[in-house]
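Report on one structure; see the data block that follows.
The values are calculated or read from the model by the stated rules, or taken from the named source; none is laboratory data. Everything quoted here is computed from the prediction, not taken from an experiment. Reconstructed Cβ throughout: ideal geometry from the backbone, glycine too, with neighbour counts over all protein chains shown. The protein model used for the area step is the full one, side chains on, heavy atoms only, and it has no ligands, DNA or RNA in it. Shrake-Rupley method; radii C 1.70, N 1.55, O 1.52, S 1.80 Å.
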Amino acid sequence: MTSYCPCYVLDAETISARIDELSEVLVDCVNRGASVGFILPFDFTKARAFWNNVELSVKKEERLVLAIENSEGTIVGTVQLLLQQPENQPHRADVAKLLIHSSARRQGLARQLMSVLETYAKQQQKTQLVLDTSTGSEAELFYHSYDWHKAGMIPDYALMPDGRLTGTTIFYKSL
């Protein structure tokens with residue numbers, strides 16, 4: 001079993017410097033069917049454009065990005081906490097794009113990332129987290145097993161990377 005380093009926050013400069021690693025994780029996930037907002041064909045050009053936008057958002061302090069590396073120091077997982085919310089929801093944050101490279105799955109990295117993300121959310125005075133995920137996906141099963149509460153499901157909400165419609169399940173967690 002490969003060993004992994006602790007999770008850490010990526011600042012904008014680190015996102016820029018490590019954009020290829022981050023893009024590799026995103027491309028791997030999307031090309032293996034993860035419903036995270038992209039349609040096939042999906043390549044490094046699209047992934048880099050996404051991470052460039054994330055970098056700008058981090059600079060504006062709108063979001064927090066966490067990463068985890070393997071023992072060789074390569075990023076193999078990431079998750080985001082969207083901090084900027086409407087004026088009447090300062091206590092809330094959205095969780096987005098929990099991504100684990102296929103080479104590093106089933107080793108507890110998603111739980112590690114989510115645990116650290118919750119710690120950071122509390123430090124930001126966030127008491128309610130929300131997310132949505134593709135209904136019937138492995139991700140949905142993960143959130144069920146990690147003490148998230150299902151708020152409901154919307155059918156035919158988004159497209160899977162291959163173009164098929166999928167429902168979305170909305171989850172929340174009170175901190």
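May I ask you to list, by number, the DSSP H helices of the chain whose Cα span along the axis is at least 20 Å and whose average Kyte-Doolittle hydropathy reaches 1.0 or more?
none
Could you rank the peptides 56-64, 24-32 by their average count of other C-beta atoms within 10 Å per residue, with the highest value first?
Taking the mean over residues of other Cβ atoms within 10 Å, the ranking is 24-32, 56-64.
Roughly how big is the stretch 12-53's charge dipole about its Cα centre, with Cβ charges of +1 (Lys, Arg) and -1 (Asp, Glu), in debye to the nearest 20?
That gives the stretch 12-53 a dipole magnitude of about 140 debye.
Of the cross-linked pairs 46/173; 46/150; 46/97, which ones have a Cα-Cα span greater than 22 Å in the structure shown?
46/173; 46/150
Carbon and sulfur atoms: what percent of the 1.4 Å accessible area of the stretch 63-157 do they account for?
46
Between the stretch 79-102 and the stretch 13-70, how far is it from one alpha carbon centroid to the other, in angstrom?
Taking the Cα centre of the stretch 13-70 as reference, the centre of the stretch 79-102 is 15 Å away.
May I ask for the Kirkwood hydrodynamic radius of the stretch 1-97, worked out over all distinct Cα pairs and given in angstroms to one decimal?
Over the stretch 1-97, the inverse of the mean reciprocal pair distance is 14.2 Å.
Rolling a 1.4 Å sphere over the protein heavy atoms, what is the accessible area per residue of the chain, to the nearest Å²?
Ligands and nucleic acids excluded, the figure is 52 Å² per residue.
When we measure straight from the Cα of residue 59, which aspartates and glutamates land under 12 angstrom away, once same-chain ones fewer than 8 places off are left out?
Excluding near neighbours in sequence, the set is 11, 13.
With each run of n ≥ 4 DSSP H residues scored as -39500 (n - 2.57), what mean residue ellipticity at 222 nm is computed for the chain after dividing by its residue count and rounding to the nearest 500 deg cm²/dmol?
-10000 deg cm²/dmol
Per 10 Å bin from zero, what fraction in whole % of the C-alpha pairs of the chain is there, up to the bin with the longest pair?
Going out from 0 Å in 10 Å bins, the chain shows 10, 37, 41, 12, 0 percent.
May I ask you to compute the full-extension gain from residue 156 to residue 53, defined as 0.36 nm times their residue separation minus their alpha-carbon distance, rounded to one decimal in nm?
34.4 nm
Net charge near residue 43: determine it from the other residues with C-beta under 13 Å of the C-beta of residue 43, scoring Lys and Arg +1 and Asp and Glu -1.
Every neighbour counted, the sum reads -1.
Net charge within 12 Å of residue 10 by Cβ-Cβ distance, Lys/Arg positive one each and Asp/Glu negative one each, not counting residue 10 itself?
Around residue 10, the surrounding residues sum to -2.
For residue 91 and residue 20, what does the FRET efficiency come to when R0 = 30 Å and r is the distance between their Cβ atoms, rounded to the nearest 0.05?
For residue 91 and residue 20, the calculated efficiency is 0.25.
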